[in-house]
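FYI, it's all coordinate maths here, none of it is from the lab. Every value quoted in this text rests on a predicted model; they were computed, and no experiment measured them. A quick note on method: Cβ atoms are made from the backbone with ideal geometry, for glycine too, and the neighbour counts reach across all protein chains shown.
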Amino acid sequence: MIYRMSAALLSLAGLFISAYLYLYKLGKIGSLACGTGACETVQLSPWSSFAGVDVALIGVLGYAGLLALTLAALQPGLAARRWLPRLLAALAGVGVLFTVYLTYLELFVIHAICRWCVASGFVILAIFIVALLDLRRLPRDRTS
Amino acid sequence: MAATQAGMKRFYSLFAVIALAGLGVLGYLLTRPATVSIPANVTVQASDTSGFKGYVKGSATAPVEITEYADYQCPFCQTFATLQMPTIEERLINTGRLRWRYRDFPLDQHPFAVLAAHSAACADEQGKYWDQHQRIYEGQGDWAASGNAAPIFRKYAGAAGVDLGRYDACMRAGKYAGRIQADKNAGVALGVSSTPTLMANGRLYRGRFDSDAITRLVDSLARQSNK
């Protein structure tokens, strides 16, 4: 359960990071606390939306989904279900791939690095790792 | 193995603390005063422009019109606005030879460019556009290096005699984000990709950006229009 608890806390952190960036994009919170101004460059660039949807909103929805999933996976009745950690790992894997794509854009297209995006990148990678670890140990849990 | 009840309790306590802290920070950011940001790359609605095609100074009957596409955070635009424009204004605009049209072209790499354009637009509501415009350009070195330009623009607006209550409401609403985007879209459609870009009587100007060169250009275009 420690992995799922960790994944839930990480998802919550990711949700707040994405919400912060999305509220900025909506013009609700002024400038971003970034230090270099590069966050605003990234967030105001044409690449801050993907298929017409704000990347930050995609983050909000993605992390909210992961959070709901991890909280569900902590319920006693669902703890032994293997599909939950599989789904969690799959979604986190998609998140990692999306983050790699966004990091590529930051480094080679926009030429600016947003620290909040980097933080989100570490969060989604950590969720992916704990989801894999959870998946690996699940058979032992079921036989105990 | 299922987590112990005590373990779950500790987890939910920690979860609640983090959730409350996060919500508290976001709540503070949403309610703090005088901090504003204007979204870029918005979808332009027909009502955003209502026929607006830039800020104009000079006689409606002037034989030459120059349209400037510029970005408040662009250093070259700042030099042009503060060093060349006063002479151009005195020599050409005030004498009825030239009409100047300023259109926003905020570049994506300038985080405060849209905010600056919006601040000037909100001052325009109260008839203080050019005053705010000049103050923003003159103060570029201060606000461009700051972490938050919004309060600096607000200070300029106050100094220009703008009613700050109405200004704040205008800024918070992001009322002119669409109009600024419409200006930029118009520039892109004409092939503008850098700032400042000048269009003289509708044609792209590729010459030098100094008052003497602009005077020669205006003289030349005025002669052509007289023929």
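Quick notes on this one:
- 10 Å Cβ shell holding at most 15 others, DSSP loop, trypsin sites (Lys or Arg not before Pro): longest site-free stretch of chain A: A:1-80
- Computed log₁₀ I(q)/I(0) - Debye formula, equal Cα scatterers, no solvent, chain B, q 0.09, 0.12 Å⁻¹: -0.44, -0.69
- The dipole here belongs to the range B:46-226: it is taken about the Cα centre, uses +1 on the Cβ of Lys and Arg and -1 on the Cβ of Asp and Glu, and is about 360 debye.
- Of the DSSP H helices in chain B, those whose Cα atoms cover at least 24 Å axially and whose Kyte score averages 1.0 or more: B:5-31
- Distance from the Cα centroid of the range A:59-138 to that of the range B:117-175 is 41 Å (rounded to whole angstrom).
- Span-rule helices in chain A, defined as complete DSSP H runs reaching 30 Å or more along the axis (Cα) with Kyte mean at least 0.0: A:2-25, A:83-104, A:115-143
- Pairs of alpha carbons in the range A:1-127 whose separation is greater than 24 Å (percent): 29
- Nearest-20 debye value, the protein assembly as shown charge dipole, Cβ charges on Lys, Arg, Asp, Glu: 1060
- Note on the protein assembly as shown: dipole from Cβ charges, positive end direction compared against B:123, B:31, A:22; the farthest Cα belongs to A:22.
- Candidates A:18, A:49, A:120, ranked by Gaussian network fluctuation over chain A, Cα under 10 Å, top entry: A:49
- The orientation-averaged projected area of the convex hull spanned by the Cα atoms of the protein assembly as shown comes to 21.0 nm².
- Relative contact order %, chain B, counting alpha carbon pairs below 8 Å whose residues are six or more apart: 31
- As a proxy for reagent exposure, ranking A:128, B:105, A:122 by other Cβ atoms within 10 Å from fewest up yields A:122, A:128, B:105.
- The value for the range B:148-188 of Rg(Cα) / (2.2 N^0.38 Å) is 1.37.
- Choice from A:52, A:65, A:14 with maximal GNM fluctuation in chain A (Cα, 10 Å cutoff): A:52
- Dipole in debye (nearest 20) - the range B:133-172, about Cα centre, beta carbon charges: Lys, Arg +1; Asp, Glu -1: 100
- For the options A:26, A:87, A:12, a Gaussian network treatment of chain A with springs between C-alpha atoms closer than 10 Å singles out A:26 as fluctuating the most.
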